[in-house]
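Asks: For reference, the structure I am asking about is given below.
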Amino acid sequence: MKTTLIVVVVAALVVVRLTLFRARRRRKSAQSAERTAQSNADTSTRTTPSTRWNAVEAAFGDVGLVAGREIRERLRGRIFRVGTIIMLLAVSAAIVIPTLHKNNTNGTSLQKIGVVGTLSPVTRDLVLAAAQSNSDTVRFVPEATVAIAKSQLKSGASYFAIIHSDEVLLEQPATEASSPADPGLVNEVAEYLGVVIAYHDAHLTAAQAAAVTNSKAVPIRTLVASSKGTASTPSIIGIVLLFLMLTQYCTWIMIGVMQEKSSRVVEVLLATVRPIQLLGGKVLGIGLVALGQALLLVGVALGLGAAVGSNVLHGSAPLGLLAELAWLVLGYAFYCWVYAAAGSMAERQDQVQTLALPLSIPILFGYIYSITVASSGSPNAFYDFLAYFPPTAPFCMSVLVGLGRATWWEFVASALISIAATAGMAMLASRIYRRAVLRTGGRVSLRVLFNRRSA
């Protein structure tokens, strides 16, 4: 019985082994056929003028051929498609969910408004119109002094106060979850008070009508600062997406260069194109994929925000999104050369991981520091310096733009510094790539690369 059992087990193992062997052979045959088809496709792409990426190839020549190959590989990848869908869902949820929450919580409600001074009939009618447009009812609470109005706000006897018809005062920002004030009503009352002041200053004459139409809302002060800081939600979401996309695409470049070197495919490619053309095509192709994905995310965010009437993308948020899109391009342009050069120095996956860790430290530092500053809303002098330092500028300058702490010339100055640093990094990376990509047998050290005798 025991012998029979052993024979059965051995026979089962032999069958499993033969099945796995045949499956492996079929898989290798399929991969070989796919490589042959890909080689034929690449040859056809090189010789046939009517190709999908003909415009890229015609504009960049051999660099365009390499870029087209990279674009096709990335767009066909399941990781790229699934990652794009996940990011689109995350951006859509960040825009739609606050709108649904607002619709569910800001229904008809009683708003207690403290009044310091007297309200003119016109001002009172405008406040009541603002309340009606926000589906609110209003109860005016007379206050003798500003100090009493502040104490009433702290105790909850009033939700916000109108100070002498030229200022709106709150205990905490109306956007806080614990604030009883309706954010829409507060903003409209501030705007209407600004109109009333403009009416008064214009004396209702036709010559000063333009001053009325261009009036600004009166200041809105709070006794307690927001616990969530002054950064908008799109600013924080944009920083997270910027971090994910930079690390993803730069890692693709490093792994792609390493795989070409370890499989000796690079030797065949370098027989027809120069090293700088091969490296530039890889950087250009993956960069175009990154830019396309970023434009898709920004377009969906702006379109969806306009469709659902979300307040998330109001104010300076669209400007912040465009700034983060610009810094995605600048940040990728800087880091892609660094990661490409590092990939040419590696030959195995474990070597890639060893090289990727020190390269990712500036990205991680800039990302974590920027999230902290965006949450607190109070950048310091060191953070302002990092906004001009190319490795951290993509994160820091984006946050400063979102907080309204950066002027246009500061943004341009930081971008020009980043472009100059990118040009220098490209020259250094191309030199490292040219000397290291054909060296096999182990990881290449920097001493060997910059030794003139080994050049």
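Asks: With 184, 156 as the choices, which residue is in contact with a strand residue (DSSP E or B) (Cβ under 9 Å, 6 or more places away or on another chain), small (Gly, Ala, Ser) and at pLDDT below 85? Give the steps one after another, and end with the answer.
Replies: Details: 156 fails: at pLDDT below 85.
Step by step, each of 184, 156 is checked, and only 184 is in contact with a strand residue (DSSP E or B) (Cβ under 9 Å, 6 or more places away or on another chain), small (Gly, Ala, Ser) and at pLDDT below 85.
Asks: Quick one: count up the residues across region 113-150 that are surrounded by 14 or more Cβ atoms within 10 Å (Cβ to Cβ) and polar (S, T, N, Q).
Replies: So the answer is 2.
Asks: May I pose another question? So, in region 394-414, exactly how many residues are out of contact with any helix residue (DSSP H, G or I) (no Cβ under 6 Å at 6 or more places or on another chain) and either closer than 18 Å to residue 239 by Cβ or assigned to a helix (DSSP H, G or I) (or both)? Full working, then the answer.
Replies: Let us first name the residues in region 394-414 that are out of contact with any helix residue (DSSP H, G or I) (no Cβ under 6 Å at 6 or more places or on another chain), namely 400, 403-405, 407-413.
Subsequent filtering for residues that are either closer than 18 Å to residue 239 by Cβ or assigned to a helix (DSSP H, G or I) (or both) retains 400, 403-405, 408-413.
Here the count works out to 10.
Asks: Please count how many residues of region 160-188 are aliphatic (A, V, I, L, M) and either assigned to a helix (DSSP H, G or I) or more than 17 Å from residue 139 (Cα to Cα) (or both). If you could, list the steps in order and put the result at the bottom.
Replies: Residues of region 160-188 aliphatic (A, V, I, L, M): 161-163, 168-170, 174, 177, 181, 185-186.
Adding the requirement that they be either assigned to a helix (DSSP H, G or I) or more than 17 Å from residue 139 (Cα to Cα) (or both) leaves 174, 177, 185-186.
Total satisfying the criteria: 4.
Asks: Which members of region 406-426 meet the condition of being under 16 Å from residue 325 (Cα atoms), hydrophobic (A, V, I, L, M, F, W, C) and in contact (Cβ under 8 Å) with a residue 24 or more places away in the chain?
Replies: Within region 406-426, 411, 415, 419 qualify.
Asks: Please count how many residues of region 189-213 are at pLDDT below 70 and part of a helix (DSSP H, G or I).
Replies: Total meeting the criteria: 9.
Asks: Additional query: What is the residue count in region 413-439 for residues that are surrounded by fewer than 16 Cβ atoms within 10 Å (Cβ to Cβ) and either of a type outside the set (Val, Ile, Thr) or under 19 Å from the mean Cα position of the chain (by Cα) (or both)?
Replies: Looking only at that region, the number is 8.
Asks: What's the total number of residues in region 139-179 that are touching a residue at least 40 places away in the same chain (Cβ under 8 Å) and more than 32 Å from the chain's Cα centre (by Cα)? Even if it seems obvious, please write down each step before you answer.
Replies: Just the residues of region 139-179 that are touching a residue at least 40 places away in the same chain (Cβ under 8 Å), to begin with: 150, 153-154, 157-173, 175-176.
With more than 32 Å from the chain's Cα centre (by Cα) added as a condition, the list becomes 150, 153-154, 157-171.
So the answer is 18.
Asks: Next question. Among the residues of region 264-299, write down those that are β-branched (Val, Ile, Thr), farther than 23 Å from residue 235 by Cα and surrounded by 17 or more Cβ atoms within 10 Å (Cβ to Cβ).
Replies: Filtering region 264-299 for residues β-branched (Val, Ile, Thr) gives 265-266, 268, 272-273, 276, 283, 286, 289, 298.
Subsequent filtering for residues that are farther than 23 Å from residue 235 by Cα retains 265-266, 268, 272-273, 276, 283, 286.
The answer is 266, 273, 283, 286.
Asks: Within region 343-376, can you find the residues that are crowded, with 17+ Cβ neighbours inside 10 Å, more than 17 Å from residue 248 (Cβ to Cβ) and modelled with pLDDT under 85?
Replies: Residues of region 343-376 that are crowded, with 17+ Cβ neighbours inside 10 Å, as a first pass: 343-347, 351-352, 355-356, 359-360, 362-363, 366-367, 369-371, 373-374.
This time we only want the ones that are more than 17 Å from residue 248 (Cβ to Cβ), so: 344-347, 351, 369-371, 373-374.
Within region 343-376, 344, 345, 346, 347, 351, 374 meet the criteria.
Asks: For residue 55, all conditions in the list (1) at pLDDT below 85; (2) surrounded by fewer than 12 Cβ atoms within 10 Å (Cβ to Cβ); (3) out of contact with any helix residue (DSSP H, G or I) (no Cβ under 9 Å at 6 or more places or on another chain); (4) of a type in the set (A, V, I, L, M) hold save one; what is the number of the exception?
Replies: The failed condition is (3).
Asks: Another question, then. Within region 242-263, take every residue that is surrounded by fewer than 20 Cβ atoms within 10 Å (Cβ to Cβ) and over 30 Å from residue 398 (Cβ atoms) and give me the one that is nearest to the chain's Cα centre (by Cα).
Replies: Checked region 242-263; the qualifying residue nearest to the chain's Cα centre (by Cα) is 259.
Results for (1) touching an Asp or Glu at 6+ places or on another chain (Cβ under 8 Å); (2) at pLDDT below 75; (3) of a type outside the set (A, V, I, L, M, F, W, C), shown as yes or no for each residue.
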site: 388; (1), (2), (3): no, no, yes
site: 393; (1), (2), (3): no, no, no
site: 404; (1), (2), (3): no, no, yes
site: 413; (1), (2), (3): no, no, no
site: 422; (1), (2), (3): no, no, yes
site: 427; (1), (2), (3): no, no, no
site: 449; (1), (2), (3): no, yes, no
site: 454; (1), (2), (3): no, yes, yes
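The values are calculated or read from the model by the stated rules, or taken from the named source; none is laboratory data. Note that the coordinates shown come from a computational prediction; the quantities given were computed from them, not determined experimentally. Every residue, glycine as well, gets a Cβ built from its backbone with ideal geometry; the counts of neighbours run over all protein chains shown.
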